[in-house]
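Undergrad: A single structure is presented below for examination.
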Amino acid sequence: QVQLVESGGGLVQPGGSLRLSCAASGRIFGLNAMAWYRQATGKGRELVAIITNSGSTNYADSVKGRFTISKDNAENTAYLHMNSLRPEDTAVYYCNVRVITISYWGKGTLVTVSS
């Protein structure tokens, strides 16, 4: 089994910053990508950012230039640095990892951007 522990969500004012963390453990041999998705109330789940073992990254257009995904390979931990947060970034953020061809999900952490 694969365990994912997410942290770092919370309430922040517009224009503020947050950092999300996702630590992966368990049967993660063959882990080849880590990603963050989000789901706002009444909307579908969308990819926010993804990083592969080689360090390649990809971002949703809505977060480019504001969010940065990074990964500590030694700790099998992914981070999502979120700057210039907007009310429309409010959502539950889910960590996702791909181990060989199987995808695993975290339980999610709520990010609320509001004044």
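Undergrad: Determine the per residue accessible area of the stretch 25-115 with all protein chains present and a 1.4 angstrom probe, expressed in square angstrom.
TA: 54 Å²
Undergrad: Whose amide H sits under 5 Å from the amide H of residue 86, counting only residues 5 or more places off or on another chain, with H placed in the peptide plane?
TA: The answer is 15.
Undergrad: Follow-up question, since we're still on this one. Provide the solvent-accessible area of residue 41, counting protein heavy atoms only and rolling a 1.4 Å probe, rounded to the nearest 10 Å².
TA: Surface open to solvent at residue 41 totals about 140 Å².
Undergrad: What does the charge add up to near residue 91, with Lys and Arg as +1, Asp and Glu as -1, over the other residues with Cβ less than 15 Å from its Cβ?
TA: On the way: positive: 38, 43, 45, 66, 86, 107; negative: 6, 46, 88, 89.
That works out to +2.
Undergrad: Over what distance in Å are the Cα centres of the stretch 91-107 and the stretch 1-38 separated?
TA: Computed from Cα coordinates, the inter-centre distance equals 9 Å.
Undergrad: Give the accessible area for residue 25 in Å² (nearest 10); use a 1.4 Å probe, count only protein heavy atoms, and leave out ligands, DNA and RNA.
TA: Probe radius 1.4 Å; accessible area of residue 25 about 50 Å².
Undergrad: HN-Hα J couplings of the stretch 40-56 from phi, Karplus 6.51/-1.76/1.60, θ = phi - 60°, integer Hz, Gly and Pro as x?
TA: With the stated coefficients, the stretch 40-56 comes to 8, 4, x, 10, x, 7, 10, 6, 9, 7, 9, 9, 9, 4, 7, x, 5 Hz.
Undergrad: Compute the relative contact order of the stretch 1-112 as a whole-number percentage, counting only Cα pairs closer than 8 Å that sit 6 or more residues apart in sequence. All intermediate terms of the calculation are to be shown ahead of the outcome.
TA: Details: 256 pairs, mean separation 39.6, N = 112.
Relative contact order of the stretch 1-112: 35 percent.
The values are calculated or read from the model by the stated rules, or taken from the named source; none is laboratory data. On a predicted model such as this, the values are computed, not experimentally measured, just so you know. Backbone-built Cβ (ideal geometry, glycine too); neighbour counts: all protein chains shown. We work out accessible area using only protein heavy atoms, side chains counted, and drop any ligands, DNA or RNA first. Shrake-Rupley method; radii C 1.70, N 1.55, O 1.52, S 1.80 Å.
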